[in-house]
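In what follows, a single structure is set out as structure tokens and then discussed.
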Amino acid sequence: MQAPVIIRRASLADREVIYQMICSLENMILDRLGFDAAFNRNMASPNITYFLAEHEGKPIGMVSCHIQPLLHHAALVSEIQEMYVELEYRSQKVGNVLMEHVTAFAKKEGAIQMEVTSRATREQAHRFYQREGFEKSHVKLVRYFKNE
């Protein structure tokens, strides 16, 4: 990749590109009305920020940063909820650039740490996060309400 990767804060105008990226991340077509409602709410939240990676003006990746005060830490904690890099740009340091940016942002905002949850089957993503300094320290348990 010759030109540099530029990271910028996402805006409401980036809804479609972020929708496509999240659908690719989840490997499914997400409910559009539900996505739009969540996106609008998140964009209005002072605790949630989305960043886009661009190469020559083309969006090629994204990362979210949620920062909230957690009682059990008695401090602000940042969390990546979603991170995605287009397939053809993987292994070209785009993820590293996104991580550097989101980490600097979280530190500047006063977060004491960053957390990320990744599906158990995404072993390549786990290796990436571990190379970026994350440690496997917790187990995530999920209760699905759709069958209740």
(Q) Taking all protein chains in place and a 1.4 Å probe, what share, in percent, of the accessible surface of the chain do carbon and sulfur account for? (A) 52
Q.
Can you compute log10 of I(q)/I(0) for segment 1-136 with the Debye formula, treating each Cα as one identical point scatterer, at q = 0.13 Å⁻¹?
A. -0.56
Q.
Could you check the spin-label model distance between ARG32 and GLU56? Points 7 Å from the Cα along Cα→Cβ, value in nm.
A. 3.0
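Using DSSP to call loops (not H, G, I, E or B), can you name the trypsin sites (Lys or Arg not before Pro) in segment 21-124 whose Cβ has at most 11 other Cβ atoms within 10 angstrom?
Numbers: sites: ARG32, ARG41, ARG90, LYS93, LYS107, LYS108, ARG119, ARG122; in loops: ARG90, LYS93, ARG119, ARG122.
Counting only loop positions with at most 11 other Cβ atoms within 10 Å, the trypsin sites (Lys or Arg not before Pro) in segment 21-124 are ARG119.
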(Q) As I understand it, the dipole of the chain uses +1 on the Cβ of Lys and Arg and -1 on the Cβ of Asp and Glu, about the Cα centre. Which of MET28, ALA125, VAL85 lies farthest toward its positive end? (A) ALA125
Q: Could you check the simple spin-label distance between ALA104 and HIS138, using points 7 Å along Cα→Cβ, in nm with one decimal?
A: 2.7
Q. How much net charge surrounds GLY95 when only the other residues with a Cβ under 12 Å from the Cβ of GLY95 are counted, with Lys and Arg +1 and Asp and Glu -1?
A. +1
Q | Computed accessible area, LEU30, all protein chains, 1.4 angstrom probe, square angstrom | A | 40
Q: Calculate the dipole size of the chain relative to its Cα centre from +1 charges on Lys and Arg beta carbons and -1 charges on Asp and Glu beta carbons; express the result in debye to the nearest 20.
A: 240
(Q) I'd like to verify something in the chain: which complete DSSP H helices, judged by Cα projection on the helix axis, reach 20 Å or more and average at least 0.0 on the Kyte-Doolittle scale? (A) 94-108
Q | segment 7-28 and segment 74-107: distance between their alpha carbon centers, rounded to Å | A | 14
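May I ask you to give the solvent-accessible area per residue for segment 1-107, in square angstrom, as obtained with a 1.4 angstrom probe? Before the final figure, lay out the partial values.
Numbers: 5930 Å² over 107 residues.
Averaged over the residues of segment 1-107, the accessible area is 55 Å².
Once R0 is set to 30 Å, what does the formula 1/(1 + (r/R0)^6) return for the Cβ-Cβ distance between LEU12 and GLN68, expressed as a FRET efficiency to the nearest 0.05?
Values: r = 22 Å, r/R0 = 0.73.
In this case the efficiency is close to 0.85.
How much net charge surrounds TYR19 when only the other residues with a Cβ under 15 Å from the Cβ of TYR19 are counted, with Lys and Arg +1 and Asp and Glu -1? It would help to have the intermediate numbers written out before the result.
On the way: positive: ARG15, ARG32, ARG41; negative: ASP14, GLU16, GLU26, ASP31, ASP36, GLU82, GLU86.
Neighbour charge sum, excluding TYR19 itself: -4.
Suppose only helical runs count, i.e. DSSP H with n ≥ 4. What mean residue ellipticity at 222 nm does that imply for the chain under -39500 (n - 2.57) per run, divided by all residues and rounded to the nearest 500 deg cm²/dmol?
Working: 4 runs with 49 residues, N = 148.
Mean residue ellipticity, 222 nm, calculated: -10500 deg cm²/dmol.
So how much slack lies between ARG127 and ASN42, counting 0.36 nm per residue of separation and subtracting their Cα-Cα distance, in nm? Could the numbers behind the result be given before it?
On the way: separation 85, 0.36 × 85 = 30.60 nm, distance 2.82 nm.
Full extension from ARG127 to ASN42 adds 27.8 nm.
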Q) What percent do you get for the relative contact order of the chain when only Cα pairs under 8 Å and 6+ apart count? A) 20
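Within the chain, which is the longest segment that contains none of the chymotrypsin sites (Phe, Trp or Tyr not before Pro) sitting in a DSSP loop with at most 15 other Cβ atoms within 10 Å? Mind dumping the intermediate values first?
Numbers: sites that count: TYR144, PHE145.
So the longest stretch without any such site is 1-143.
The values are calculated or read from the model by the stated rules, or taken from the named source; none is laboratory data. Nothing here was measured: the structure is a model prediction, and the numbers come from that model. Glycine gets a Cβ as well: all are built from the backbone with ideal geometry, and neighbour counts include every protein chain shown. Just the protein is used for accessible areas: all its heavy atoms, side chains included, with ligands, DNA and RNA removed. Shrake-Rupley method; radii C 1.70, N 1.55, O 1.52, S 1.80 Å.
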